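**Student:** Okay, handing you the structure first.
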Amino acid sequence: METTGTKTLVVSELRKGFGKLAVLDGVSFDIGRGELVCILGPSGTGKTTILRLLAGLIPADGGMILVDNADIAKNRTVLERVSVVFQEPRLLPWRTARHNVRLSLELRRDERLGGQDEAAVDAALALVGLTDFSGAYPHELSGGMKQRVALARALVTEPEILLMDEPLTGLDLRSREELQDEIIRIWSRKKVTLVLVTHDPAEAIYLADRIIVLSPRPACIREIVDVEMPRPRTRDSEEARRLEAHIRELFC
């Protein structure tokens, strides 16, 4: 997928620690509008911390994050363009799939929801293939279906930037691969800028335009790897295996 060349997300010299634990040490990168970028690294390298900083959920200790040239520390309204899918679906058990998706719209404004909002919920459920399960409660859904509800909840507000924190962790291999394909299909259709955290080099290679590989903590960027494989991709191509071997060397 080609981007416009516009930098929709710019991260400059980002630093973060928790008490005496230094997590990020001068992380800088930029992401073009419409790109699909993976942040990759072993457990404990600060991947989720970066995502939480991008979402404005925690403050940085230093550096700057710009969304469309606006500093999120000074202009919180730009974060309305950002949605997050967490590692756990975090669905409310007393709400149906439909009403879990609808929650995003309820939190965005106080006035009574209208027919246009209900149409948006219908569209989001259809986008993730859950129209027939809109009335199901979380305990009636599989792990993959729960994550689809979480994805629909993130997409119903029509975000410009979608952040995903290891959303496929814990799924069986078949569900994981099916959702990888769903993520690519939805990203291509919605033309959203997508930043996905993963610890799996093969997953990053299958999904991403570029892969930001982090060093061990305190993390800096070890390398930004361009994935120039055409789409649709195969998981076991020679080029995919070559890139995976290179990335695993960076982990060492």
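The values are calculated or read from the model by the stated rules, or taken from the named source; none is laboratory data. Since this is a predicted model, take the numbers as computed values, not measurements. Cβ atoms come from the backbone with ideal geometry, glycine included; neighbour counts cover every protein chain shown. To get the accessible areas, we keep the full protein, side chains included, count just its heavy atoms, and leave off ligands, DNA and RNA. Shrake-Rupley method; radii C 1.70, N 1.55, O 1.52, S 1.80 Å.
**Student:** I'd like the full set of residues that are charged (D, E, K, R), touching a residue at least 60 places away in the same chain (Cβ under 8 Å) and not in a strand (DSSP E or B), limited to the stretch 209-237.
**Tutor:** Of everything in the stretch 209-237, those that are charged (D, E, K, R), touching a residue at least 60 places away in the same chain (Cβ under 8 Å) and not in a strand (DSSP E or B) turn out to be Asp209, Arg217, Arg231.
**Student:** Looking at the stretch 92-106, which of the residues that are modelled with pLDDT of 95 or more, open to solvent by less than 30 Å² (accessible area, probe 1.4 Å) and of a type in the set (A, V, I, L, M, F, W, C) is farthest from Ile186 (Cα to Cα)?
**Tutor:** Ala97
**Student:** Looking for whichever is outside any strand (DSSP E or B), in contact (Cβ under 8 Å) with a residue 12 or more places away in the chain, in contact with a strand residue (DSSP E or B) (Cβ under 7 Å, 6 or more places away or on another chain) and at positive phi here; the options are Gly44, Gly34. Which one fits?
**Tutor:** Exactly one residue qualifies, and that residue is Gly34.
**Student:** Any residue in the stretch 83-107 that's among the hydroxyl-bearing types (Ser, Thr, Tyr): show its pairings with residues that are assigned to a strand (DSSP E or B) and open to solvent by less than 50 Å² (accessible area, probe 1.4 Å) at Cβ separation under 8 Å, as long as the two are six or more apart or on different chains.
**Tutor:** Listed by first residue and then by second, the contacts come to Ser83/Ile161; Ser83/Leu162; Ser83/Leu163; Ser104/Ser83.
**Student:** Let me ask you something else. Can you give me the number of residues within the stretch 201-220 that are at pLDDT 95 or above and either within 17 Å of Arg52 (Cα to Cα) or acidic (Asp, Glu) (or both)?
**Tutor:** Qualifying residue count, the stretch 201-220: 4.
**Student:** Test of understanding: among Ala119, Ala124, Ala152, Ala136, which residue is free of Cβ contacts under 8 Å to residues at least 12 places away in the same chain and either over 28 Å from Ile224 (Cα atoms) or more than 17 Å from the chain's Cα centre (by Cα) (or both)?
**Tutor:** Numbers: Ala124 fails: free of Cβ contacts under 8 Å to residues at least 12 places away in the same chain; Ala152 fails: free of Cβ contacts under 8 Å to residues at least 12 places away in the same chain; Ala136 fails: free of Cβ contacts under 8 Å to residues at least 12 places away in the same chain.
Every option except Ala119 fails the conditions.
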